[in-house]
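Visitor: Quick one: structure below, then a few questions.
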Amino acid sequence: MRKISKNDFLAKLGKVKSAESVKQHVVYLSIHLEGSNCKGIRESSGHGFEIDVDKLYLAYYELDIINTTELKKHIKNRVQSPALAILIEMGLA
């Protein structure tokens, strides 16, 4: 699969406002870019999450198979599920 540029990635990411996890159907809301981070809120708990955008792009770019297990190689702090949900919402996973 051909990968998109980081600029195109950021443009797509900027349009994502919500996403849903694949397995547990957890909904992530208020997704937005803030500096070099993507932030949002888990609807079920009300807890926020924060993902380093550079690491998210690197994971997308380097991984052939994108799932939560593979994302752990790039994304830390237990935010693999929202990271995957966002990539799916962007049409990139």
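Visitor: Show the residue pairs that are 6+ apart or on different chains and have beta-carbon atoms under 6 Å apart, the first residue being within the range 15-32 and at pLDDT 95 or above, the second being of a type in the set (Lys, Arg) and assigned to a loop (DSSP other than H, G, I, E, B).
Guide: Ile31/Lys17
Visitor: Filter the range 39-93 down to the residues that are of a type in the set (A, V, I, L, M, F, W, C) and touching a Gly at 6+ places or on another chain (Cβ under 7 Å) and list them by number.
Guide: Ile41, Phe49
Visitor: Look through the range 65-92, keep the residues that are touching a residue at least 40 places away in the same chain (Cβ under 8 Å) and more than 23 Å from His47 (Cα to Cα), and return whichever of them is surrounded by the most Cβ atoms within 10 Å (Cβ to Cβ).
Guide: Once the filter is applied, the top-ranked residue is Leu92.
Visitor: Here is a further query. In the range 52-64, which residues are touching a Lys or Arg at 6+ places or on another chain (Cβ under 6 Å) and either without any contact (Cβ under 8 Å) to a residue 40 or more places away in the chain or surrounded by fewer than 17 Cβ atoms within 10 Å (Cβ to Cβ) (or both)?
Guide: Tyr61
Visitor: Follow-up question, since we're still on this one. Consider Phe49 against the criteria (1) surrounded by 12 or more Cβ atoms within 10 Å (Cβ to Cβ); (2) free of Cβ contacts under 8 Å to residues at least 24 places away in the same chain: it satisfies all of them except one. Which criterion is unmet?
Guide: So the condition that Phe49 fails would be (2).
The values are calculated or read from the model by the stated rules, or taken from the named source; none is laboratory data. What you see is a predicted model; the values in this text were computed from it and never measured. Methodologically, a virtual Cβ is constructed for each residue, glycine included, from the backbone with ideal geometry; neighbour enumeration extends over all protein chains shown.
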